[in-house]
Amino acid sequence: TFKMQELPTKVANNIVQLQESTDWVTRYENILLLGPSGVGKSHMASALGHHLIENNIRIKWFNANDLLQQLQHHKKELQLMKYLSQLDKYRVIIVDDIGYIKPGI
């Protein structure tokens, strides 16, 4: 669960700004949500993604392990550039659970 009232004021204000505007997308800014497990990072990323979809911005959501597996598969099949060009149609790519990448991937 995401509890805005428990966030430091500066963090809460930044999140509100991200939700109020999509300018950060046109400026090609990266957003990184960090924190311990269970504080609502995935929930916030999902909310931001939903906000972008409502504003006609194409997004793609990946679990970090799944993305790495896809990249490795396409590289092995000599199709990596083709796969990456397919991802170009998305303005925003959300990668979740980066901290949970399985060893050996």
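The values are calculated or read from the model by the stated rules, or taken from the named source; none is laboratory data. None of these values were measured; they are calculated from a predicted model. All Cβ positions, glycine included, derive from the backbone under ideal geometry; neighbour counts span all protein chains shown.
Looking at Ala45, is it buried (at least 16 other Cβ atoms within 10 Å of the Cβ), out of contact with any helix residue (DSSP H, G or I) (no Cβ under 8 Å at 6 or more places or on another chain) and at pLDDT 85 or above?
In short, yes.
Scan segment 1-59 for residues that are assigned to a helix (DSSP H, G or I), more than 18 Å from Val95 (Cα to Cα) and aliphatic (A, V, I, L, M) and report the count.
4
For segment 60-99, give me each residue that is without any contact (Cβ under 8 Å) to a residue 12 or more places away in the chain, in contact with a His (Cβ under 9 Å, 6 or more places away or on another chain) and assigned to a helix (DSSP H, G or I).
Leu80, Met81, Lys82, Leu84
Which residue is surrounded by the most Cβ atoms within 10 Å (Cβ to Cβ), if the candidates are limited to segment 29-42 and must be under 23 Å from Leu84 (Cβ atoms) and among the aliphatic types (A, V, I, L, M)?
Within segment 29-42, the match that is surrounded by the most Cβ atoms within 10 Å (Cβ to Cβ) is Ile31.
So how many residues does segment 56-96 have that are of a type in the set (D, E, K, R) and surrounded by 15 or more Cβ atoms within 10 Å (Cβ to Cβ)?
3
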